[in-house]
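Chemist: I have a structure I would like to understand better, so I am pasting it below and will then ask my questions one at a time.
Coordinate-derived values only; no laboratory data. Please read all numbers here as calculations on a predicted model, not as lab measurements. A quick note on method: Cβ atoms are made from the backbone with ideal geometry, for glycine too, and the neighbour counts reach across all protein chains shown.
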């Protein structure tokens with residue numbers, strides 16, 4: 001029988017960093033639905049090597065690996081400092097972040113990208129449209145929220161990523177899913193994460209909410225509207241065990257992280273997409289009704305059959321959100 005010399009001690013198992021069991025309830029106690037974008041939040045381990053390191057109101061996701069880490073979204077310029085602090089609180093070195101990614105190219109999610117690039121030395125990888133916005137420091141002219149937001153520090157992209165492309169750092173692999181709609185260059189991300197033998201597919205789903213400037217009408221842009229609906233369908237079809245979103249409250253993350261609702265839900269992406277589709281249908285129909293009110297002659301001189309055919313061409317299925325989903329506060333940008 002083998003013996004262990006008395007001077008040798010068995011190696012210690014490193015304690016889990018920011019376990020969900022304790023930090024999830026702490027996050028819920030410190031943060032509230034649709035909270036301030038720059039309000040500090042504690043970092044926590046979501047599952048395996050995936051961590052939430054953002055603020056109460058804006059998510060930032062850290063995926064760690066032996067050869068370097070990947071970070072999705074910076075938050076605002078001020079929020080980036082909280083992200084850096086949370087990475088250090090977890091015991092990781094920001095200098096080990098090798099790649100910076102984004103969800104959509106608005107200041108509340110990429111306003112701190114320049115600061116993070118400077119602090120980490122990481123490569124900034126963006127969608128082609130996202131790269132153009134990052135180079136300008138403002139949303140593109142065809143963004144539904146163009147003109148609504150203040151400029152943010154310019155953060156030139158080192159390269160671009162296209163739909164379906166995988167971003168790798170060592171054994172880490174994240175797949176880009178182009179999901180335009182909320183912004184032209186919006187991206188969702190999906191990856192696998194294991195905790196021992198328990199593996200889940202995580203999806204960081206783009207906001208996709210139909211928020212726009214007052215003078216933007218989705219009905220004026222049929223091509224963009226078709227791409228928007230296609231994005232919703234793509235997210236709904238993703239393999240999705242754990243759903244995460246750029247605004248935590250958009251997917252009930254506060255309650256789910258606290259254990260008050262299931263964190264793992266294979267229908268999460270589908271339910272999320274269906275609820276947003278309902279909101280988009282309402283926005284489209286409202287825009288269409290306003291157009292008809294301004295131009296009543298659009299329907300004059302047409303037969304009932306022709307009018308019915310035209311209405312059906314514009315209609316889309318409307319999905320009802322699942323019971324128990326939280327609503328949104330009126331007037332707050334998503």
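Chemist: Considering Cα pairs under 8 angstrom that are at least six residues apart, work out the relative contact order of region 163-298 and quote it in whole percent.
Modeler: Details: 205 pairs, mean separation 28.4, N = 136.
So the answer I get is 21 percent.
Chemist: What percent antiparallel are the DSSP beta bridges of region 36-104, to the nearest 5? Let's see the in-between values first.
Modeler: On the way: 9 of 13 bridges.
Taking every DSSP beta bridge with both residues in region 36-104, the antiparallel ones total about 70 percent.
Chemist: Residue 21 versus residue 223, label points 7 Å from Cα toward the beta carbon: distance in nm?
Modeler: Result for the modelled spin labels: 5.5 nm.
Chemist: Counting only C-alpha contacts under 8 Å and six or more residues apart, can you give the relative contact order of region 20-314 as a whole percent?
Modeler: Working: 634 pairs, mean separation 45.2, N = 295.
RCO, region 20-314: 15 percent.
Chemist: Related question: Grab the beta carbon distance between residue 88 and residue 230, set R0 = 56 Å, and tell me the FRET efficiency rounded to 0.05. Write down the numbers at each step before the final one.
Modeler: Values: r = 40 Å, r/R0 = 0.71.
For R0 = 56 Å, the calculated efficiency reads 0.90.
Chemist: Counting only C-alpha contacts under 8 Å and six or more residues apart, can you give the relative contact order of region 45-95 as a whole percent? Write out the running numbers ahead of the final one.
Modeler: Values: 64 pairs, mean separation 13.8, N = 51.
It comes to 27 percent, rounded to a whole number.
Chemist: Moving to a separate point now. Using only the alpha-carbon atoms of region 66-203, report the extent along each of the three principal axes, biggest first, to the nearest angstrom.
Modeler: Here the spans come out as 47, 30, 22 Å, largest first.
Chemist: What is the distance in Å between the Cα centroid of region 24-64 and that of region 108-127?
Modeler: 18 Å
Chemist: Follow-up question, since we're still on this one. Sorting 72, 125, 138 on the 10 Å Cβ count, fewest up front, what's the list?
Modeler: Working: 72 27, 125 22, 138 18.
Listed from fewest to most nearby Cβ atoms, that is 138, 125, 72.
Chemist: Rounded to the nearest 0.05, what FRET efficiency do residue 237 and residue 282 give with R0 = 22 Å and r taken as the Cβ-Cβ distance? Could you check?
Modeler: Given R0 = 22 Å and the Cβ-Cβ separation, E is 0.45.
Chemist: Distances over 25 Å make up what percent of all Cα-Cα pairs in region 20-314? Could you put the intermediate results ahead of the total?
Modeler: On the way: 20481 of 43365 pairs.
Of all Cα-Cα pairs in region 20-314, 47 percent lie more than 25 Å apart.
Chemist: Hey, how many Å between the Cα centroid of region 151-175 and the Cα centroid of region 204-240?
Modeler: When both Cα centres are located, 21 Å separates them.
Chemist: Continuing with the same structure: Highest first, please rank the peptides 226-235, 38-47 by the mean number of other Cβ atoms sitting within 10 Å of their residues.
Modeler: On the way: 226-235: 18.1, 38-47: 20.1.
Most protected by this proxy first, the peptides run 38-47, 226-235.
Chemist: Go ahead and collect, in residue order, the members of region 229-250 whose backbone nitrogen is under 17 Å from a label point 7 Å along the Cα-Cβ direction of residue 163.
Modeler: Counting backbone N atoms under 17 Å from the label point, the list is 229-239.
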